[in-house]
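Asks: Submitted below is the structure of interest, expressed as structure tokens.
The values are calculated or read from the model by the stated rules, or taken from the named source; none is laboratory data. Computed from a prediction, not measured in an experiment: that's the story for all the values here. All Cβ positions, glycine included, derive from the backbone under ideal geometry; neighbour counts span all protein chains shown.
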Amino acid sequence: MHRSKQYVIDDLSIKESWRLFKIMAEIVDGFETLSDIGPAVSIFGSARVPQDHPLYQQTEHLSKLLTHAGYSVITGGGPGLMEAGNKGCFEAGGESIGLHIHLPFEQHSNPYLKIKSDYNYFFIRKVMFIKYALAYIAMPGGYGTLDELSEALVLIQTRRIKPFPIILMGTEFWSGLVDWIKARMVKDGFCNEEDLNLFYITDSPEEAVAHIKKHVII
């Protein structure tokens, strides 16, 4: 017996409607889990960086400096530079937070989390990163890092959120992208030149923390 096309469409609509309750539940759970955290900085970066890599060590050092400055540290809660960010904060006695995403290929959470919040939906996770961070630090990374960086830049550029410090760590890594933004997006009129002031580039963890402290009072 064949089900009618209309019946199949209606059945899919019902499933999509019920998904809204899962989305709402995930948002509520995120708010409840993170509502009491202290002033925090979100660190993004590649999950593929091993522990003996200089970038891992730099991120760990940066996170310790942030913790000593009075900030909690939020990462994606996974391996690589996320782990380094959580580890530095955790070992410095700070509030180490991981917003862990469930993926089709298993991405394990790292062992340096004092607070863990789980997500099935990337867009909800990005809301939490924005809502509970006073600053963003983008270490070298892949599409995920670019996604988080672009989200914050767009929201600040369109004045949907109040401006906050966005720091790109690694002049060599980010210079190609910045040069392309200048040569193509700004030159072709797709971006204003002042939009380049929405982010700050440095190689120094100490300078990054100083920049945040200059613009964020806790």
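Asks: Residue check: is SER42 within 18 Å of LEU168 (Cα to Cα), among the polar types (S, T, N, Q) and outside any strand (DSSP E or B)?
Replies: The answer is no for SER42.
Asks: Please verify whether region 47-70 includes one or more residues that are modelled with pLDDT of 95 or more and in a strand (DSSP E or B).
Replies: The answer is no; no qualifying residue exists.
Asks: Here is a follow-up. So, in region 84-124, of the ones that are among the small types (Gly, Ala, Ser) and surrounded by fewer than 21 Cβ atoms within 10 Å (Cβ to Cβ), which residue ends up modelled with the lowest pLDDT? Walk me through how you get there before you give the answer.
Replies: First, the residues of region 84-124 that are among the small types (Gly, Ala, Ser): 84-85, 88, 92-94, 96, 98, 109, 117.
Cutting the leftovers down to surrounded by fewer than 21 Cβ atoms within 10 Å (Cβ to Cβ) gives us 92-93, 109.
Numbers: ALA92: 98, GLY93: 98, SER109: 93.
Looking at residues that are among the small types (Gly, Ala, Ser) and surrounded by fewer than 21 Cβ atoms within 10 Å (Cβ to Cβ), I get SER109.
Asks: Answer with yes or no whether ASP203 is of a type in the set (Asp, Glu) and more than 16 Å from LEU55 (Cα to Cα). Steps first, please.
Replies: On the way: of a type in the set (Asp, Glu): yes; more than 16 Å from LEU55 (Cα to Cα): no.
So ASP203 does not fit the description; no.
Asks: Counting only residues that are surrounded by 12 or more Cβ atoms within 10 Å (Cβ to Cβ) and among the aliphatic types (A, V, I, L, M), which one in region 194-217 is farthest from VAL73 (Cα to Cα)?
Replies: Here the residue is LEU196.
Asks: Looking at region 94-115, I want the residues that are of a type in the set (Asp, Glu) and have a partner that is assigned to a strand (DSSP E or B) with Cβ atoms under 6 Å, at least 6 apart or on another chain. Which pairs are those?
Replies: What qualifies is GLU95/SER72.
Asks: Could you look through region 157-193, keep only residues that are out of contact with any Phe, Trp or Tyr (no Cβ under 6 Å at 6 or more places or on another chain) and under 14 Å from SER42 (Cβ atoms), and pick out the one that is surrounded by the fewest Cβ atoms within 10 Å (Cβ to Cβ)?
Replies: This residue is ILE161.
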